[in-house]
Every structure is written in C-alpha cells, then in structure tokens.
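To start, the structure under review is shown below, and the notes come after it.
What follows draws every value from the coordinates through simple rules; no lab data is involved. In this text the structure is predicted, and so the values were computed from the model without any measurement. Glycine also receives a Cβ, built like all others from the backbone with ideal geometry; neighbour counts cover every protein chain displayed.
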Amino acid sequence: MELLKEIAHISGKPGLYRILKPTRTGVIVETIDEKKGRTVVGANARVSVLKEISVYSESEEGSKPLPDIFTAIREKHGEKVELETKTATDADLREFLGSVFPEFDQEKVYPSDIKKMIVWYNLLSQYLPEVFNADEATEEAAA
C-alpha cells in the first residue's frame, strides 16, 4: 500500500485527495472521485496522509496502521463494504470493525472514525483499486 503515501484526508473537507506537488503556500491536491478537481490547500490546513494514520488498539503495540486494517477489510469484505454508514448504529459500526480488527480500543475509537474508514475504503476501492492490486501482486510474488 505504498500508494497511500500520496493519499490524504483534509480536515473539514469531505473525501480523499491525492497529493500532487508542493507550492510555496501549501500543496496542490486532486480529489479522488470522477471529477478529479484540483485545488491548493494552504499550509495551515490539517492534512493527514493515510499511510501515517493508525487506529488505537488494546494490544502491546498500542495501535495498528490503517493500511493493515484496509488489507483485513479487503480480505473479509472484498471490493466494497456494504454497511450503509449513514443509517448504521454505533453497535453495527463497532461490530464491523471488530470483525476485521478485534483488538481495537472501544473507548478511543469513535463510531465517526469507523464511518470514515468505511467511506475511505470504498472510495479507494472504487477510484484507486491499484492501491490494493499492488499489494496483492507483491504478496503473490513473495509466495
């Protein structure tokens, strides 16, 4: 999931963005959807690169990287998570994450975080399937 180094979430904005290149005042990003809209994000915006995001766990490590969770989701749910995030209850969301990452910290990981993970996973799977295909090809070559 090396491609996740180029994919980011911008706080306060919906969806995911591909980081294209830096500017003097921030960074140029492109939306990950059918529109491919480009914009400049200022240096004061909170930009989180997906490769660097981790989810709290109750294990000794303390957290698990988001790419590992995406891999587990891919193995269990395939190309799309069918859980409807807008109507899902908190219990449904926790059950979903528990099915792919049983040791997640139930107190520190909020339902809104799980919703974001599902939306991000579905966006990546739909518009950037090569994120997952590159990993599958690497695993096959290693085997």
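Go ahead and set up a Gaussian network model of the chain, Cα springs under 10 Å, then flag whichever of Leu50, Leu124, Leu20 fluctuates most.
Leu20
Could you compute the net charge surrounding Val41? Neighbours are other residues with a C-beta less than 15 Å from the C-beta of Val41; K and R count +1, D and E count -1.
Values: positive: Lys13, Arg18, Lys21, Arg24, Arg38, Arg46; negative: Glu6, Glu30.
Its environment carries a net charge of +4.
Based only on Cα atoms, what mean projected area does the convex hull of the range 2-50 have, in nm²? Write out the running numbers ahead of the final one.
Values: hull surface 13.0 nm².
One quarter of the hull surface, i.e. the mean projection, equals 3.2 nm².
Indicate the gyration tensor shape class of the range 1-82 (rounded, prolate or oblate), computed on the Cα atoms with a ≥ b ≥ c the square roots of the eigenvalues: a/c under 1.5 is rounded; otherwise a/b larger than b/c is prolate and the rest oblate. List each step's numbers first, then the result.
Numbers: a/c = 2.58, a/b = 1.55, b/c = 1.66.
Because a/c hits 1.5 or more and a/b fails to exceed b/c, the range 1-82 counts as oblate.
State the answer as a single residue: which of Ser11, Leu50, Leu123 lies farthest towards the positive end of the charge dipole of the chain, with beta carbon charges of +1 for Lys and Arg and -1 for Asp and Glu, about the Cα centre.
Comparing the listed Cα positions along the dipole, Ser11 ranks first.
Need one word for the range 52-142: rounded, prolate or oblate. Basis is the Cα gyration tensor (sqrt eigenvalues a ≥ b ≥ c); a/c below 1.5 gives rounded, then a/b vs b/c decides. Mind showing how you got there, number by number?
Values: a/c = 2.11, a/b = 1.28, b/c = 1.66.
Since a/c reaches 1.5 but b/c is at least a/b, the shape of the range 52-142 is classed as oblate.
What does the charge count near Ile114 come to, summing +1 for each Lys or Arg and -1 for each Asp or Glu among other residues with Cβ under 14 Å from its Cβ? Display every interim value, and only then the final one.
Working: positive: Lys64, Lys86, Arg94, Lys108, Lys115, Lys116; negative: Glu84, Asp90, Asp92, Glu95, Asp105, Glu107, Asp113.
Net charge in that neighbourhood comes out at -1.
Alpha carbon centre of the range 117-133 versus the range 9-84: separation in Å?
10
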